[in-house]
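Colleague: Okay, here's the structure, questions in a sec.
Read the figures in this text as sums done on the coordinates, not as results from a lab. Keep in mind that what you see is a predicted model, and the values were worked out from it rather than measured. For neighbour counting, all protein chains shown are included, and Cβ atoms are generated from backbone atoms with ideal geometry for every residue, glycine included.
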Amino acid sequence: MDLDIDDPGHRHLFHIPPAEGGDHPEVAYFAGNSLGLQPKATRVELMEDLAEWARLGVEGHLDAARPWLPYHELLTAPAARLVGALPSEVVVMNSLTVNLHLLMVSFYRPAGRRTRIVIEDAAFPSDSYAVRSQARFHGLDPDETVVRLKPRDGEDTLRTEDVLDAVTDEVALVMLGGVNYLTGELMDIAAITAEARKRGAVVGWDLAHAAGNVPLNLHEAGADFAAWCSYKYLNSGPGALAGVFVHERHHGDDGLNRFEGWWSTEPATRFEMTPTSRPPRSADAWQVSNPPIFAMGPVRTSLRIFDEVGMPALRERSLRLTGYLRGLFDEVVATRPLSVLTPREPERHGCQLSVRLHEGNAGALTKRLRFEHGVIADARQPDVIRFAPVPLYSTYEDCRRAADALAACVEEIR
Ligand SMILES: Cc1ncc(COP(=O)(O)O)c(C=O)c1O
């Protein structure tokens, strides 16, 4: 396809799975918003780290080519560039929901009337469970404490002004998805952060669907905290380590609660084996355990690709690719019981387009797309199918295949 010749992306850096159905040898992969594809460099570099363990045993902590003791620091600067933060504001550790909990230990401090937590009604269930359990942890009733934001009647996504209207003087914490997992809506992170903070709330972002998808500027936006996973757009493998951002104004704040372990203390005195910690003035203070090197390797490899390609270039290609898919979907949904939920304005979406089925079952349709057409999308039951053309590796031809497959699987309205 000419478009793919003119605007090729970086597909050659990735393993593209073979198709199990349809006429093409490779799948048209639209599930990078769920699990990104494997960079070819990942296995090579992981094997290098494994070889160092075989060669050095415990001495690898200091003597490995990439020594394990400071290994996590290799990830810090590229992760900070990805989310628009200072290196001191970012650390890669744990998994996403664990990090949200560790951050809420510090930043959800219900007091007096200010107890509520604002989330999207369409928040990912893990976030919903996390905030409800945090409310219970503070002895509060989750049904009263958690405020769930719903779109207006007849609308599919949230308006910034409605989000802000919900931030009353009873709200302690606003914790939203930067890009919503279901609808693909990109929130106005800067505006919501600034105004909600002005109203006295703490503002945290779940960037699972935003990191590596859209340019981010967390430091300047002034977010209190954020967390994201690395298995979606960051292509670091199933269950990959997650990232954390803590704004520098909170570093060294002894008034914050923080759950600590030996990696919360500054590295220079870590092995003095003292009974009390000396936390560094950085996001590293939120670390607890010594990090898993072979889980950090794939994140390191992947972040290098983002550094090499650059988020601005990726975003430009993303808008072209998703714009192309949108045009094709517009034609398909015009005559079928389908609609696209994702906002149309470029500043209100990332790469994902979410299609709602007005009849039928999303799971069954997704299976047909896969086994009859070699198109991998994912179903969010009962009625949404998500398609994410990923600018690093998806093609215009993939988009054409997705639209043709959807048209073939859903009958036109007569
Ligand atoms: C928005 C969002 N939050 C939280 C999670 C849960 O992540 P984890 O299982 O890595 O904690 C996901 C997983 O897909 C997600 O999409």
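Colleague: When a footprinting reagent is the concern and you count Cβ atoms within 10 Å, what order do K150, K232 take, fewest first?
Modeller: K150, K232
Colleague: Highest first, please rank the peptides 365-374, 260-269, 89-98 by the mean number of other Cβ atoms sitting within 10 Å of their residues.
Modeller: Output ranking for 365-374, 260-269, 89-98: 89-98, 365-374, 260-269.
Colleague: Relative contact order for the chain: what is it in percent, counting Cα pairs under 8 Å that are at least 6 residues apart? Could the numbers behind the result be given before it?
Modeller: On the way: 826 pairs, mean separation 95.4, N = 414.
About 23 percent, as a whole number.
Colleague: Less than 15 Å Cβ to Cβ from S106, Lys/Arg counted +1 and Asp/Glu -1: what total charge do the surrounding residues give?
Modeller: Local charge sum for S106: -3.
Colleague: Arranged from highest to lowest average of other beta-carbon atoms within 10 Å per residue, in what order do the peptides 11-24, 389-402 appear? Working shown, then result.
Modeller: Values: 11-24: 15.1, 389-402: 24.2.
Sorting 11-24, 389-402 by mean packing, highest first, produces 389-402, 11-24.
Colleague: If Lys and Arg each add +1 and Asp and Glu each add -1, what is the summed charge of the other residues whose beta carbon sits under 9 Å from the beta carbon of T160?
Modeller: -3
Colleague: Rank the residues M273, M187 as a footprinting-exposure proxy: fewest other Cβ atoms within 10 Å of their Cβ go first.
Modeller: M273, M187
Colleague: At q = 0.13, 0.14 Å⁻¹, what is the base-10 log of I(q)/I(0) for segment 72-290 according to the Debye formula with one equal point scatterer per Cα and no solvent? Please give it to two decimals.
Modeller: -0.71, -0.82
Colleague: If Lys and Arg each add +1 and Asp and Glu each add -1, what is the summed charge of the other residues whose beta carbon sits under 11 Å from the beta carbon of A85?
Modeller: My count for the surroundings of A85 gives -2.
Colleague: Based on the alpha-carbon set only, what is the convex hull volume of segment 120-215 divided per residue, in Å³?
Modeller: For segment 120-215, the hull spanned by Cα atoms encloses 98 Å³ per residue.
Colleague: Further, regarding this structure: So what is the diffusion coefficient of segment 254-404 in µm² per second by Stokes-Einstein at 25 °C and 0.890 mPa s, using a Kirkwood Rh over Cα pairs? List each step's numbers first, then the result.
Modeller: Numbers: Rh = 19.1 Å.
The estimated diffusion coefficient comes to 128 µm²/s.
Colleague: What ranking, highest mean first, results for peptides 350-359, 52-61, 207-216 when packing means the other Cβ atoms within 10 Å averaged over each residue?
Modeller: The most tightly packed comes first, giving 207-216, 350-359, 52-61.
Colleague: Moving on to the next point. Antiparallel as a % of all DSSP beta bridges within the chain, to the nearest 5?
Modeller: Approximately 55 percent, going by the DSSP bridge assignments.
Colleague: With viscosity set to 1.002 mPa s and temperature to 20 °C, compute the Stokes-Einstein D of the chain, Rh being the Kirkwood radius across alpha carbon pairs; µm²/s, no decimals.
Modeller: On the way: Rh = 22.3 Å.
Diffusion coefficient, whole number: 96 µm²/s.
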